[in-house]
Amino acid sequence: MSDKLLTTREASTFLRVSEASVRRWADAGILTASRVGGGGARRFREADLLQFMQPGNRRPTPGAAAARAVVIQGMAVALGSHLVSFYSSDAGRLRVPVPFLRDGILAGQACLMYVTAPLRELYLEALSAQQVNVDAAISAGLLTFMSTRQESVAGWIADCERHVANAVRDHPGPVRFLGETVTALQSLGSVQELLSLEQQLAPVVRRLPVVMLCPYDVRTFDGLTIVEALKLHFDTYSYQLAYFLS
């Protein structure tokens with residue numbers, strides 16, 4: 001194995017993520033880096049990058065709890081999981097995400113939501129019906145919302161990482177992220193960009209203390225997109241796939 005020190009750009013190519021992600025991970029202490037030269041440029045050893053890529057070898061985010069999973073319907077889902085669910089009705093939309101968020105809030109785990117304003121109200125009403133004090137959760141920072149503005153894929157990922165980092169800082173422990181894909185479709189502008197985001201998210205989510213759930217409305221997306229979504233969320237196959245189908 002080479003002892004050559006890699007630049008940030010070379011490390012991002014090695015890990016198949018953006019340079020911005022590499023810089024954030026290094027600055028947060030998640031990824032080992034050294035500083036060289038008068039300007040303090042980051043440098044990375046190949047051995048450290050390889051160790052970083054191994055499941056379970058991620059150095060914990062500062063302040064993060066030791067928990068390695070969240071429980072979904074009795075299933076211990078490993079942190080770093082990128083999951084998909086599918087629904088075909090308005091009632092089906094809520095069946096998986098609402099318990100996912102409810103159980104996290106009641107356990108004191110930070111929950112992030114990426115949904116349009118109308119969908120936000122729908123989810124909050126459903127959570128209230130599940131005996132969740134929504135206002136208290138928002139005030140305590142247990143329930144926060146990611147902006148749905150028009151965004152590039154790289155910008156979306158950077159914003160997501162910032163929100164997760166803030167959530168871990170304020171509430172050490174696992175983070176639950178609900179990302180409605182119909183919202184992402186509006187923000188990114190096309191199915192192609194949405195699928196590009198999903199592809200690039202997998203290695204990013206794997207390095208974070210988060211379980212991400214991405215619901216797909218099969219009334220909105222065609223069959224080819226649904227098949228691609230299944231392929232891009234392979235973590236789901238480790239659990240009870242039928243549970244994620246509404």
### Query
Taking amide hydrogens as modeled 1.01 Å from N in the peptide plane, which residues meet the under 5 Å criterion relative to TYR216, leaving out close sequence neighbours?
SER85, PHE86, TYR87
### Message
Please state the shape class of the stretch 147-246: rounded when a/c is under 1.5, otherwise prolate if a/b exceeds b/c and oblate if not, all from the C-alpha gyration tensor.
### Response
oblate
### Task
Sort out for me the Cα centre separation of the stretch 197-241 from the stretch 101-149, rounded to whole Å.
21
### Task
Calculate one ³J(HN,Hα) per residue across the stretch 159-176 by plugging θ = phi - 60° into the Karplus curve 6.51 cos²θ - 1.76 cosθ + 1.60, and present them in order as whole Hz with x for glycine and proline.
5, 4, 4, 5, 5, 5, 4, 5, 5, 5, 5, 7, 9, x, x, x, 10, 10
### Message
Going by amide H atoms built from the backbone, whose H comes under 5 Å of the H on LEU143, apart from near neighbours?
### Response
CYS111, ILE138
#### Entry: Under-5 Å amide H pairs with ARG45, H placed in peptide plane, nonlocal only
LEU6
### Query
Efficiency by 1/(1 + (r/R0)^6): what FRET value for ALA242 and GLN192, r their Cβ-Cβ distance, R0 = 25 Å, to the nearest 0.05?
0.30
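Run the accessible area of the chain with a 1.4 Å probe and give the carbon-and-sulfur part as a rounded percent.
Details: 5880 of 11190 Å².
Accessible surface attributable to carbon and sulfur in the chain totals 53 percent.
Hey, can you find the accessible area per residue of the stretch 125-246 for me, probe 1.4 Å, expressed in square angstrom?
Numbers: 5250 Å² over 122 residues.
Value returned for the stretch 125-246: 43 Å² of accessible area per residue.
The values are calculated or read from the model by the stated rules, or taken from the named source; none is laboratory data. In this text the structure is predicted, and so the values were computed from the model without any measurement. In this analysis, Cβ positions are derived from the backbone assuming ideal geometry, glycine residues included, and neighbour counts consider all displayed protein chains. Accessible surface areas use protein heavy atoms only, side chains included; no ligands, DNA or RNA. Shrake-Rupley method; radii C 1.70, N 1.55, O 1.52, S 1.80 Å.
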